[in-house]
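Please treat every number below as a calculation from the coordinates, not as lab data. Computed from a predicted model, the values in this text were never measured in an experiment. Using ideal geometry, Cβ is built from the backbone for each residue, glycine included, and neighbour counts are taken over all protein chains shown.
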């Protein structure tokens, strides 16, 4: 049985399924094991498997045929490029929302953070840095864990709810971007600046670091779509 990490289950199941497809465990046209088998393999409920399959079907990776099963979608390189463009469009919209909520979350977190919170953030950031250059899905999980921690420290339940709603889409598409795009900017310095601003309790600097982190990717996505 595959052991999942702590946190939302559905994105992790979707990520594992995506990894197995990209790795070639299932080829285009292959039928996946049924929900019961996958649920047993991942140690989750059937509803979590069903939702993860739905997400991958939306991205064009799976083809759900009612009465027959779930199959790896067949497609040419051209259709794959189109799907990637669609995913970029989705993440651009999500990034616009993400920027707005994370800027405000960083401002609030700088005012409310405690010394013990800084130690947790430092550990999260260290894990993010350790995963750079490794498995894209693991790196994205570590990156989002750091950002989620900042949003949690804002103390604003609505901001956290919005981030939680956007997180599955971000996880899916950022993993794809990290895996396939070679020109993504390195935002390590901006992450370190954000941690430093929070430790100093400086809201303006926290906002500036968040903007420096997110805006280059946002501009890059906009240019790619243009």
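Nearest 10 degrees, 0 to 90: what angle lies between the long axis of helix 46-58 and the longest principal axis of the chain (Cα atoms)?
Taking Cα atoms only, the helix is inclined about 90 degrees.
Pop a pseudo-label 7 angstrom from the Cα along the beta-carbon direction at both residue 104 and residue 181 and give the gap in nm to one decimal.
Placing both labels 7 Å beyond Cα along the Cβ direction yields 2.5 nm.
Between the stretch 155-223 and the stretch 25-65, how far is it from one alpha carbon centroid to the other, in angstrom?
The distance from the Cα centre of the stretch 155-223 to that of the stretch 25-65 comes to 29 Å.
Do you know the relative contact order of the chain, to the nearest whole percent, from alpha carbon pairs under 8 angstrom that are 6+ apart?
Once divided by the residue count of the chain, the mean separation gives 21 percent.
Could you tell me the calculated FRET efficiency between residue 135 and residue 68, based on Cβ-Cβ distance and R0 = 45 angstrom, to the nearest 0.05?
After rounding, the FRET efficiency stands at 0.90.
Along the Cα→Cβ direction, 7 angstrom out, place labels at residue 196 and residue 40. What is the inter-label distance in nm?
With each label point 7 Å from Cα toward Cβ, the separation is 5.4 nm.
Treat the count of other C-beta atoms within 10 Å as a stand-in for reagent exposure and order 38, 16 from fewest to most.
16, 38
So how far apart, in nm, are the two label points at residue 4 and residue 25 if each is 7 Å from Cα heading toward Cβ?
The answer from the label model is 1.4 nm.
If you rank 118, 173 by fewest surrounding Cβ atoms within 10 Å, what's the result?
Listing 118, 173 from fewest to most nearby Cβ atoms yields 118, 173.
Using Cα atoms only, what is the angle between the long axis of helix 203-225 and the major principal axis of the chain, expressed in degrees (0 to 90) to the nearest 10?
So the inclination is approximately 30 degrees.
I need 135, 124 ordered by Cβ neighbour count within 10 Å, fewest first.
With the fewest neighbours first, 135, 124 line up as 135, 124.
What's the extension gain from residue 120 to residue 188 if we count 0.36 nm per residue and subtract their Cα-Cα distance?
22.8 nm
Dividing the Cα convex hull volume of the chain by residue count, how many Å³ per residue is that?
Roughly 126 Å³ of hull volume per residue.
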